[in-house]
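Here's the structure, in structure tokens; my notes come after.
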Amino acid sequence: MDIRPFPLNWEMAKQLGEFASNKKQWDEYTVINQLDKIENGDLAIIVDCGESDFFLNVNKDLHNSLLARKIGHDFITRPGGHTSDYWNNSIDYQILFFDKFFRK
């Protein structure tokens, strides 16, 4: 949702250049800075994150930005981290979300 706090992860600098010298490019490629391109109802959005996940703060920031823009979405946090145990549990909730979306 926001890649900027993680400039040394996932070899992103190979694609975007070093963060310090390519801040504009990093800003353009982060999801939270793209919200002005969507309107409420354009997308079915679910954010599901564990309370111990290192992405929690950027996901909360996205949630708050979506609320400020009045863009509907589901935001879920539960105990757990960025782990397969968390995802194995969360998949049930995500399938329900998308099942309801596709039945419309």
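The values are calculated or read from the model by the stated rules, or taken from the named source; none is laboratory data. Given the structure is predicted, the values throughout are model-derived calculations rather than measurements. Here Cβ is always computed from backbone atoms with ideal geometry, including for glycine, and neighbour counts include all displayed protein chains.
Given the criterion outside the structural domain of D99 (by TED's automatic domain parsing), among the small types (G, A, S) and over 15 Å from the mean Cα position of the chain (by Cα), identify the matching residue among A68, A20.
A20
Taking region 1-57, which residues are within 22 Å of D85 (Cα to Cα) and of a type in the set (G, A, S)?
G50, S52
Please give the helices (runs of 4 or more DSSP H) falling wholly within region 3-104 in which 1 or more residues are touching a Phe, Trp or Tyr at 6+ places or on another chain (Cβ under 9 Å) and among the small types (G, A, S).
Filter on region 3-104 gives 12-16.
Let me spell it out: the conditions are (1) out of contact with any Leu (no Cβ under 6 Å at 6 or more places or on another chain); (2) closer than 23 Å to N88 by Cβ, and C49 meets all of them except one. Which number is the exception?
Against the list (1) out of contact with any Leu (no Cβ under 6 Å at 6 or more places or on another chain); (2) closer than 23 Å to N88 by Cβ, C49 comes up short only on (1).
Could you tell me whether any residue of region 70-84 is exposed (fewer than 14 other Cβ atoms within 10 Å of the Cβ), polar (S, T, N, Q) and at pLDDT below 95?
Among the residues of region 70-84, at least one is exposed (fewer than 14 other Cβ atoms within 10 Å of the Cβ), polar (S, T, N, Q) and at pLDDT below 95, which makes the answer yes.
Of the residues Q15, Q25, which is among the polar types (S, T, N, Q), at negative phi and exposed (fewer than 12 other Cβ atoms within 10 Å of the Cβ)?
After applying the criteria, what remains is Q15.
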